[in-house]
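The values are calculated or read from the model by the stated rules, or taken from the named source; none is laboratory data. Keep in mind that this is a model prediction, so the values were computed, not measured. Cβ placement follows ideal geometry from the backbone for every residue including glycine, while neighbour counts extend to all protein chains displayed. Side chains are part of the model used for accessible areas, which takes the heavy atoms of the whole protein and leaves out ligands, DNA and RNA. Shrake-Rupley method; radii C 1.70, N 1.55, O 1.52, S 1.80 Å.
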Amino acid sequence: MSAPTTPSSRPTVTEREARQVAEAAREQDWRKPSFAKELFLGRFRLDLLHPHPLPADEDVQRGEEFLAKLRDFCETKIDGSVIERDARIPDEVITGLKELGALGMKIDTKYGGLGLTQVYYNKALALVGSANPAIGALLSAHQSIGVPQPLKMFGTQEQKDAFLPRCARTDISAFLLTEPDVGSDPARLATTAVPDGDDYVLDGVKLWTTNGVVADLLVVMARVPKSEGHKGGITAFVVEAASEGVTVENRNAFMGLRGLENGVTRFHRVRVPAAHRIGPEGAGLKIALTTLNTGRLSLPAMCVGAGKWCLKIAREWSAVREQWGKPVALHEAVGSKIAFIAATTFALEAVLDLSSQMADEDRNDIRIEAALAKLYGSEMACLMADHLVQIRGGRGFETAASLEARGERAVPAEQILRDLRINRIFEGSTEIMHLLIAREAVDAHLSVAGDLIDPEKTLSDKARAGAQAGVFYAKWLPKLVAGPGQLPRSYADFHPSGHPDLSGHLRYVERTARKLARSTFYAMSRWQGRMETKQGFLGRIVDIGAELFAMSAACVRAEHLRTRGEHGRESYQLADAFCRQARIRVEELFGRLWTNTDDLDRKVVKGVLGGAYEWLEQGIVDPSGDGPWIADASPGASQRANVHRPVR
């Protein structure tokens, strides 16, 4: 049977329609407690974090045994300089990872996987990512957002039986959502999946398909047209990469992650059995976002690994490099950077381990915590890498290959800076993460008062919303006036004899959480329906929340390590240093909530776009090419050679 004609035009949607699509995909219910959600509401629920949750003994044993094997593999089989030089991961390395079981770290043992917890999966990513970040990205994309995770959460038993054993040992998977003209706005998704008998017929082009060049199985998001018997909407499918009509048209190259197998994939009349559809029609975005709730933790895992490496190199180098008669580490200008790297690495690991253990226990909703971990980890890791390059000076800017060629230790400091940069864009850019987290942070307000600021609601709807809001705020606002943070002996457990006082930092978090909630309420009262346009304000609100979450996690981790007799004094010192650094950043962010150049910036932007400052661009030449800003992604047969290369 011939496939039906597919529409070639990209969906045209208004800003409001795009927002409605994103809102419909949100997981809107809160069935479990959330520390971060409560924090943004001004309620410091330390009981949700402390005592620090612990993994089961058998999980620890299984995880540590695998980490030992993985460490040996990383030390003996992976040469990061070769990957950087050749811009690809050698097939024998990928084959070795398959034999080790690394493709199945998060897959249940009954499907041939290792059944590791989120905690040990993240430890493994930090370890292998330190050997080469492109390998960490390959394993993360395969398991965190590729076929295994959505099938684990939403797949049928038949799908799990068919695909999970393959993903655990032999088949690499990829996740395909982004298109040449569609990034964080999925309402404009153009790839179609047209029902045809017992199949769907896929047509479209996907961009930045991490693992797509070597993948055997793909998770593809496509739009099903609404028709009789078909609800339609954005839908998820498992697609065999070797299917007729699937063409990898290009292997993309980037400033970092040179070994990343990321490409452009075209679908032309690709037949996909209906049995390969994940979940119902229209559930694709919800599946993608739910998958990312814990999948995002893989990025901060590799950021933690990067922080540990930056600290090691900074310590070793600054102890032997002398200037003006003493090691550079003892000069305050350099020492402050080392202190930042050490304290921040401690805090990032605290955030990661705590969020991961809570994900394993599944007693808390960690969607905001995971998003904060991704946002904070990606931003801070880039700062740490930048500090390392500065500490190394000219050697930090020089490549490892060049250092080695002239007889010095091949330290890839400039590479880690390039490799980490993508994490501020991967799986939700910093700007999108700010908006996503801000939406969750004000969810309680919109739930009770959203109709008041919705221009499409009737007067009776607004009256009802006003009554609901009155009841909610009459109970909530008085609780923001005072709390345990004002009592000098609160959180006394965090001030053991002979250790720095962390109780004061927790009191600060409690007080500041209430101040944050008051600021958010004031802004909503002031701007109402225009609040969603105040992205600068919302970003600062989220950044304050991220700092408070990191402070809380650092204190809880320090006390946890102290009670276990594991570097307790040193952990308290690092937590104290981090919290003091974080408090300075928080106060600066609060100041910028109301004193900023946001309004002036908007005027300048309009001037830039309107050409008012084109004279400022004179005196240069532009080395860019003449091609279109966005490549044509019209459906149709591929005109390019297939560069797909499965690793066997």
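Structure notes:
- Each Lys or Arg adds one and each Asp or Glu takes one away; over the other residues whose Cβ falls under 11 Å from the Cβ of LYS206, this sums to -1.
- For region 190-281, the list of chymotrypsin sites (Phe, Trp or Tyr not before Pro) that fall in a loop by DSSP and count at most 16 other C-beta atoms within 10 angstrom reads PHE254.
- Shape category assigned to the chain from the gyration tensor of Cα positions, a/c cut at 1.5: rounded
- Rounded, prolate or oblate (a/c below 1.5 giving rounded, otherwise prolate when a/b exceeds b/c) for region 176-246 by Cα gyration tensor: oblate
- Within the accessible area of region 26-107 (1.4 Å probe), percent carbon and sulfur: 46
- Global geometry of region 551-643, whether rounded, prolate or oblate, following the gyration tensor of its Cα atoms and the 1.5 cut on a/c: oblate
- Each Lys and Arg contributes +1 and each Asp and Glu -1, all at the Cβ; summed about the Cα centre of the chain, the dipole is approximately 1360 debye.
- Positive-pole candidate from LEU354, MET105, VAL182, dipole of the chain, charges at beta carbon: LEU354
- What region 424-465 shows is 49 Å² of accessible area per residue, with the surface traced by a 1.4 Å probe over protein heavy atoms.
- Length-normalised contact order of the chain in % [C-alpha pairs under 8 Å, at least 6 apart]: 17
- Of all segments of the chain bounded by GluC sites (Glu not before Pro) found in a DSSP loop with no more than 12 other C-beta atoms within 10 Å, the longest spans 1-227.
- Accessible area of region 579-648 divided out per residue, in Å², using a probe of 1.4 angstrom: 83
- Taking region 35-165 and dividing mean pair separation by its residue count, relative contact order in percent (alpha carbons under 8 Å, at least six apart): 21
- Carbon plus sulfur fraction of accessible area for region 466-597, probe 1.4 Å, in percent: 53
- Rounded percent of accessible protein surface that carbon and sulfur make up, region 345-441, 1.4 Å probe: 55
- Over region 338-409, accessible surface divided per residue gives 33 Å², non-protein components excluded, 1.4 Å probe.
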